[in-house]
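Structure, as structure tokens:
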Amino acid sequence: MVADNGHTTQGARTQADDQRGLPQRFDPEAPLFLISTAARLAGMHPQTLRTYDRLGLVVPKRASGRGRRYSIKDIERLRLIQYLSQEEGINLVGVRQILDLKSEVERLQKQNAHLVEELRLLRSTPVSSRVFTASPDSVWLRTRTLEIMS
């Protein structure tokens with residue numbers, strides 16, 4: 001957006017941005033950074049990143065030449081590992097458990113959001129138009145199948 005004085009307001013996209021094909025949002029999982037850049041952004045030595053890759057704490061994508069490519073999400077994970085190990089004094093086994101639990105929470109939050117949306121759709125369907133067929137592991141509602149969570 002352009003202000004009255006002709007300058008672009010902060011955070012707004014310009015017509016030139018659109019013409020250059022710049023994305024409106026960056027994919028946080030896009031493999032963008034070489035190991036040297038990722039190490040600098042995370043405040044670590046590149047060898048530390050290689051060690052974390054070998055231990056499976058942060059596994060970057062690989063380029064065609066097998067070079068590591070780190071995403072923004074990888075950099076955030078590296079910073080979290082550094083904080084937990086250096087500031088909180090947690091060893092790498094503990095860090096791995098924390099990261100695994102964090103991933104599980106994220107997975108469950110996505111599953112919950114999906115179930116909330118399904119419930120919203122069910123509640124918005126008029127009662128008179130609902131047709132159910134049930135089996136021990138599924139409930140069929142018109143054309144959709146809802147898996148029963150155990």
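The values are calculated or read from the model by the stated rules, or taken from the named source; none is laboratory data. These numbers were taken from a predicted model, which means no experiment stands behind them. Positions of Cβ are backbone-derived with ideal geometry, glycine not excepted, and every protein chain shown enters the neighbour counts.
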Of the conditions (1) at pLDDT 75 or above; (2) touching a strand residue (DSSP E or B) at 6+ places or on another chain (Cβ under 7 Å); (3) among the basic types (Lys, Arg), the single one that residue 130 does not satisfy is (1)
Exception for residue 111 within (1) at pLDDT 95 or above; (2) within 30 Å of residue 45 (Cα to Cα) falls at (2)
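Keeping to the range 77-88, report how many residues are in contact (Cβ under 8 Å) with a residue 12 or more places away in the chain and either part of a loop (DSSP other than H, G, I, E, B) or surrounded by fewer than 16 Cβ atoms within 10 Å (Cβ to Cβ) (or both).
Going through the range 77-88 one residue at a time, the tally reaches 1.
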Restricting the range 36-70 to residues that are part of a loop (DSSP other than H, G, I, E, B) and of a type in the set (A, V, I, L, M, F, W, C), the one nearest to residue 99 (Cα to Cα) turns out to be 57
Result of the Cβ filter at 9 Å on the range 49-64, keeping first residues that are in contact (Cβ under 8 Å) with a residue 12 or more places away in the chain and partners that are small (Gly, Ala, Ser) and part of a loop (DSSP other than H, G, I, E, B), at least 6 apart or interchain, is 60/71; 61/30; 61/71
